[in-house]
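Right, one structure below, let's go through it.
The values are calculated or read from the model by the stated rules, or taken from the named source; none is laboratory data. What you see is a predicted model; the values in this text were computed from it and never measured. All Cβ positions, glycine included, derive from the backbone under ideal geometry; neighbour counts span all protein chains shown.
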Amino acid sequence: MTFTNTSEGKSGAPSKIDRHSWKLPIAFAIVSLISGVLFIGFAEDAPTGFNLSTGTDLIQLPVIHLPALATGVVVTILTALIAVGSAFMISQDIAVPKWIPAIGAFFALTGFLTWAAADETLRVPELLAGALVLAVPLVFGALGGVISERVGVVNIAIEAQLLAGAFVSAVVGTITSSPFAGLFAAAVAGMLVSFLLSVFAIKYLVNQIIVGVVINVLVSGLTGFLYSQWLTESPEQLNNPEGFSVLPIPILSGIPIIGPVLFKQTLIVYFLYIIVAAVAFAMYRTRWGLRLRAVGEHPKAADTVGINVTRTRFWNVALAGAIAGLGGAFITLSQTGQFGKDVTAGAGFIALAAVIFGRWDPIKATLAALLFGFASNLQNALSVVGSPVPSEFMLMLPYVVTIIAVAGLVGKSRPPAASGTPYIKG
């Protein structure tokens with residue numbers, strides 16, 4: 001028996017934007033209105049510089065200067081044309097290609113950066129590199145969420161898996177003086193948290209969302225208690241792990257723009273590249289991926305052809321927890337250098353939003369996580385150049401992007417059919 005889906009691509013998403021949805025023209029009409037007010041009405045008549053190179057690049061690119069006011073006018077007109085054009089295409093029952101809103105989003109972002117950093121210079125490689133660092137835990141968490149939900153278990157406990165991985169990696173990494181030991185321990189910790197989710201959700205058929213929320217509260221309270229009782233009392237012995245150092249890849253790290261961003265990172269980031277590629281390939285090209293998706297879409301049919309639904313769900317949720325735990329290890333071993341109370345700061349919930357925004361596809365969920373990481377890093381980049389944008393707005397920007405992405409711009413998202421539904425044999 002073969003499990004296929006004739007109406008959708010392998011990612012579960014249509015190849016073009018829903019031709020009957022008016023969300024796209026409405027969204028770009030709002031963007032055009034905001035662009036006109038901010039980028040034209042409140043723009044400085046000064047250029048903004050975009051530095052595309054670092055001192056170590058093999059080829060030095062010139063600094064690009066864009067006039068803030070003129071850029072605002074162009075962006076306003078372009079987004080208005082996209083709104084009108086997409087509205088016309090939808091009224092004529094013509095599907096809007098995805099590259100149209102992608103171009104519009106790029107120009108809208110360029111307009112925002114030009115307006116926010118007027119009369120200053122933005123270092124683009126540093127902006128993107130910082131975004132990648134902030135996105136790494138989100139990508140690990142999103143991959144864990146994709147695997148778990150594809151097999152039919154809603155993984156609300158990503159936050160707990162990240163937090164457990166962060167705590168255990170700090171303690172084990174400090175005791176052993178080995179970041180690799182801390183990394184391995186983080187994967188085990190994330191797996192143990194996922195075991196707790198699996199036992200209640202799969203074996204005892206407890207509501208998966210409620211179990212996930214309870215596990216998040218439990219792990220947050222437990223790590224917070226242990227942090228205040230142990231780690232703060234003996235920080236040098238328990239909370240001073242040796243981190244991973246940056247390892248530039250020769251030649252590749254010297255490529256302008258992408259070199260410093262992608263190829264001047266730590267081993268965990270390079271390992272993440274492999275995991276993303278491996279999960280994306282295996283989910284659609286291997287027997288494991290076929291069984292995973294079959295159990296998440298139609299567990300009764302999967303059971304009929306001999307697939308053990310309970311065992312498949314249990315071990316894949318464990319795998320998802322291990323991957324998410326690695327994201328927690330990155331926080332303490334590469335980002336902060338030590339564990340702090342609730343150090344994940346809600347990253348697990350943003351990772352869950354990336355899963356939905358990415359339509360339960362590994363690559364798309366990764367791109368969504370990168371988007372949220374970029375939104376988070378904008379605060380740091382714009383504060384350096386003295387942007388007029390209020391810091392409070394920049395703090396809430398990642399969460400605003402999360403809400404807009406999940407509720408407004410993804411169109412119709414269909415989760416795996418059996419996600420969140422316990423399977424009772426017979």
Original post:
How many residues does the stretch 234-254 contain that are over 14 Å from Thr174 (Cβ atoms) and over 25 Å from the mean Cα position of the chain (by Cα)?
Top reply: 3
Subject >> Top-ranked residue in the stretch 287-309 [being closer than 10 Å to Gly152 by Cα and over 24 Å from the mean Cα position of the chain (by Cα); ranked as surrounded by the fewest Cβ atoms within 10 Å (Cβ to Cβ)] >> reply: His298
Original post:
Checking Thr332 against (1) surrounded by 24 or more Cβ atoms within 10 Å (Cβ to Cβ); (2) in contact with a Lys or Arg (Cβ under 6 Å, 6 or more places away or on another chain); (3) β-branched (Val, Ile, Thr), which single condition isn't satisfied?
Top reply: (2)
**OP:** Might you let me know whether the stretch 138-148 holds any residue that is more than 30 Å from Leu247 (Cβ to Cβ), in the same structural domain as Phe349 (by TED's automatic domain parsing) and surrounded by 22 or more Cβ atoms within 10 Å (Cβ to Cβ)?
**Re:** yes
Original post:
Restricted to the stretch 38-70, and to residues that are in a loop (DSSP other than H, G, I, E, B) and of a type in the set (S, T, N, Q), which residue is farthest from Ala117 (Cα to Cα)?
Top reply: Thr56
Original post:
Checking Gly41 against (1) at pLDDT 90 or above; (2) loosely packed, with under 14 Cβ neighbours inside 10 Å, which test does it fail?
Top reply: (1)
Original post:
Out of the stretch 254-300, which residues are free of Cβ contacts under 8 Å to residues at least 40 places away in the same chain and in contact with a helix residue (DSSP H, G or I) (Cβ under 7 Å, 6 or more places away or on another chain)?
Top reply: Phe263, Ala282, Trp288, Gly289, Arg291
Original post:
Do you know which of the residues in the stretch 118-146 that are among the small types (Gly, Ala, Ser) and assigned to a helix (DSSP H, G or I) is nearest to Gln208 (Cα to Cα)?
Top reply: Gly145
Original post:
Would you say Glu233 is of a type in the set (Asp, Glu) and exposed (fewer than 13 other Cβ atoms within 10 Å of the Cβ)?
Top reply: yes
Original post:
Would you say Leu272 is of a type in the set (A, V, I, L, M), assigned to a helix (DSSP H, G or I) and buried (at least 20 other Cβ atoms within 10 Å of the Cβ)?
Top reply: yes
Original post:
Just checking, which of Ser220, Ser228, Ser245 is in the same structural domain as Phe349 (by TED's automatic domain parsing), loosely packed, with under 14 Cβ neighbours inside 10 Å and in contact (Cβ under 8 Å) with a residue 60 or more places away in the chain?
Top reply: Ser228
